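Here's the structure, in C-alpha cells; my notes come after.
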Amino acid sequence: MKIKKVFLLITILFTVSLIGVNRSLSAKADEQKRVRFQIVAAQENSTERKVLSQTTIEGLAGTDFNVNLQTANFKLHASFICDLVAPDKLKIKSKLDTRRFYGYSPANLPLYEEDAQNHTLILGFDENIVLLPFGRNSGGSGNETLKIEITPTLFADVSSAESSDALKININKPLPSGEITVEAFKNPHRFQVEAIVLADGREIARGTSEVLFDEEQEIRLAPNTAAKNSAQLLTAKFTVNKYTRNRPQDFVGIGYRIFQAHLENQAQTEILSGSGIAILGNDLRYQLNNNQLADDKKYELRFNVRAALSEQNK
Amino acid sequence: MDCKFAEKTSLLIDGELSLEEAESIKAHIAECSECQQMEKDFLYFRQQIQESVSGAVWEAREKAQTAHFIGRKSPLWKKWISLPAPVFTALLFLLAGFGAWAIISTINRHKNLTVAEELTEKSLLEKENRQTILNEISLSRFDRGGRAEIYATRRQPSIESDKHGSDTR
C-alpha cells in the first residue's frame, strides 16, 4: 500500500514537473517570437486608394514604436506599447498627442489646439490598426483621408540567435515630403516592485507585485508580527510610466498612491500620493507622517523597482 | 676817321672833357661833318647799350622779387625730371597695362553682376517651384481641422496587395 502511494506521488510529481517544463519551454518560445509591424500611409477617397509611404518594423515580441507626423501647422506623436498577451493576441497601448496651429491672439501670440488620447487595443493577428491623424474627411469631391495602417504579423525567427534579437526598420517606400517618421525600441514592460513599510526603522509590512508598464497595479502590504495595529492595513497602487536608458542603471518614472483600509467599514482612504524617478534596483524612500497613520511612530515607505526576470534576458 | 677830333667826340659824349675842351670840340663838330656823323654813331651805340643793360637789370629784379614772395625753391610741378629712355618706356607700358586691366575688370564685373542677377532670379524661381511642389506633396492637404482617431479593424485584402508593391487599387 505504501509503495503504491509513493509511486502515485512520484507519478504526480513527474507529471507536474513535465507540465512546468513544457510551460517554461513554450514561454521561452514566446519570448523568441518576433513581430513585424507594417506601417502604411495611404490616401483614400470613396473610389481610390494610393499608398504614400511604407515602413516595416521587425523585432522581438514586446517591441514598441512611435509614429510621428509633422506638417507646417500640425504635429502628431503616436506611441505604441505592444505586449504579446496570448499566442494570437497583442495588447497595444497607444497614446496620441496632437498639436495644431490655431492662429494668433490679439497680442499676436501663436495659439495652438492640443489633444491627448489614450487607447488600449486588443488585437488579433488578422486585424490591423487604423490611425487617422486628421480625422475622417467625408463628403464632397476631393475629400481625401489620410490613413496610417499598422498591420502586425507574428513569426518565429529561424535565423541565428545573434540576429534574432536585432531590431530592424525598413523604409520600403519613403514619403517624399519626409513628414512621417517612425521610431522603434525595445524597453522592459514588466517590473518587479517591492514595497516595504517601516515603523521606527523596523519593517512592519511588505508587498511585492509584478507591474506592467503604464498600468496601475495594486500591491497589498501584508503586515508582519511586528505590526501592532493590524487595523492599519495599507495598500499601494503603483505605476511605472517612463523608462529611460542610462548607465550604469536605467531610470524609471513612477507614480504611487497609498491607501489605508478600515476593517470596520471596508472603506479605503488615500493617505499619500506622489511620483518620482527611481534608479532600477535602488531604494526610493518616502516619509509617512504621523497624522496619516494616527500614531507616534516614524513611518517610512520604501519602493524598490527591478526589471522582471522575464525581461532581464532580453 | 681821318679827323683828329674823332676820339675827343667820344670823350665829349661820355662827359670826360673839361668845359673849355668841350666848348672847342662842340665848335669843331658844328663845322666837321665827319665828327657830326661820329657823334651820331656814338649816341646810337650808347642808347643800344643802355637799353640792353636796363632790360637785364629789370629781369634780375623781377626774379629777385619772385624768389622773395614764393620762396627760394621753384615749385615741384615746375621741376623737370630726367629719366632714362628704357625706364620711361617701361613706365609707359605699365601705365598702358593698368589701364587695360581696369577696363577689362570693369567689363567682367558688369558681366558677373548680370550673371548673378540671372542666377538669383533663377534660384528664386526654383525656390517658388520647390515650395509649390512641397505644398502639393505635403500631408497638410488632408488637414481640415479634424480630431485624430484610432481603431482596430479586420485586415483588408488590399494590405496583402500593398506588400507586393501595388500603389493603387
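Based on what the data block shows, is A:Ala156 modelled with pLDDT under 95, of a type in the set (Gly, Ala, Ser) and within 30 Å of A:Arg34 (Cβ to Cβ)?
Considered against the rule, which asks whether it is modelled with pLDDT under 95, of a type in the set (Gly, Ala, Ser) and within 30 Å of A:Arg34 (Cβ to Cβ), A:Ala156 comes out as yes.
Right, A:Lys89: within 11 Å of chain B (Cβ to nearest Cβ) and surrounded by fewer than 19 Cβ atoms within 10 Å (Cβ to Cβ) or not?
no
Going by the structure shown, is A:Arg49 over 21 Å from B:Ile137 (Cβ atoms) and among the basic types (Lys, Arg)?
For A:Arg49, the condition - over 21 Å from B:Ile137 (Cβ atoms) and among the basic types (Lys, Arg) - is not met.
From the list A:Leu111, A:Leu18, A:Leu9, exactly one residue is modelled with pLDDT of 95 or more, loosely packed, with under 11 Cβ neighbours inside 10 Å and away from every other protein chain (no Cβ under 12 Å). Which is it?
The conditions single out A:Leu111.
Restricting attention to region A:233-267, which residues are in contact with a Gly (Cβ under 7 Å, 6 or more places away or on another chain) and without any contact (Cβ under 8 Å) to a residue 40 or more places away in the chain?
A:Thr239, A:Asn241, A:Lys242, A:Gln249
Can you pull out the residues in region A:45-82 that are part of a loop (DSSP other than H, G, I, E, B) and either at the interface with chain B (Cβ under 9 Å from one of its Cβ atoms) or of a type in the set (D, E, K, R) (or both)?
A:Glu48, A:Thr71, A:Ala72, A:Asn73
Residues in region B:117-136: is at least one touching a strand residue (DSSP E or B) at 6+ places or on another chain (Cβ under 8 Å) and at pLDDT below 85?
Checking region B:117-136: not a single residue is touching a strand residue (DSSP E or B) at 6+ places or on another chain (Cβ under 8 Å) and at pLDDT below 85.
Return yes or no: is A:Glu270 free of Cβ contacts under 8 Å to residues at least 40 places away in the same chain and acidic (Asp, Glu)?
For A:Glu270, the condition - free of Cβ contacts under 8 Å to residues at least 40 places away in the same chain and acidic (Asp, Glu) - is met.
Exactly one of these conditions fails for A:Glu179: (1) outside the structural domain of A:Gln70 (by TED's automatic domain parsing); (2) more than 17 Å from the chain's Cα centre (by Cα). Give me its number.
(1)
Would you confirm whether any residue within region B:98-109 is polar (S, T, N, Q) and outside any helix (DSSP H, G or I)?
Looking through region B:98-109, none of the residues is polar (S, T, N, Q) and outside any helix (DSSP H, G or I).
Considering each of B:Ala148, B:Ala152 in turn, give the residue that is touching a Pro at 6+ places or on another chain (Cβ under 6 Å), within 14 Å of chain A (Cβ to nearest Cβ) and either modelled with pLDDT of 90 or more or within 30 Å of A:Ile92 (Cα to Cα) (or both).
Going through B:Ala148, B:Ala152 in turn, the sole match is B:Ala148.
Yes or no: A:Leu121 hydrophobic (A, V, I, L, M, F, W, C), crowded, with 19+ Cβ neighbours inside 10 Å and at the interface with chain B (Cβ under 10 Å from one of its Cβ atoms)?
No.
The values are calculated or read from the model by the stated rules, or taken from the named source; none is laboratory data. Computed from a predicted model, the values in this text were never measured in an experiment. Methodologically, a virtual Cβ is constructed for each residue, glycine included, from the backbone with ideal geometry; neighbour enumeration extends over all protein chains shown.
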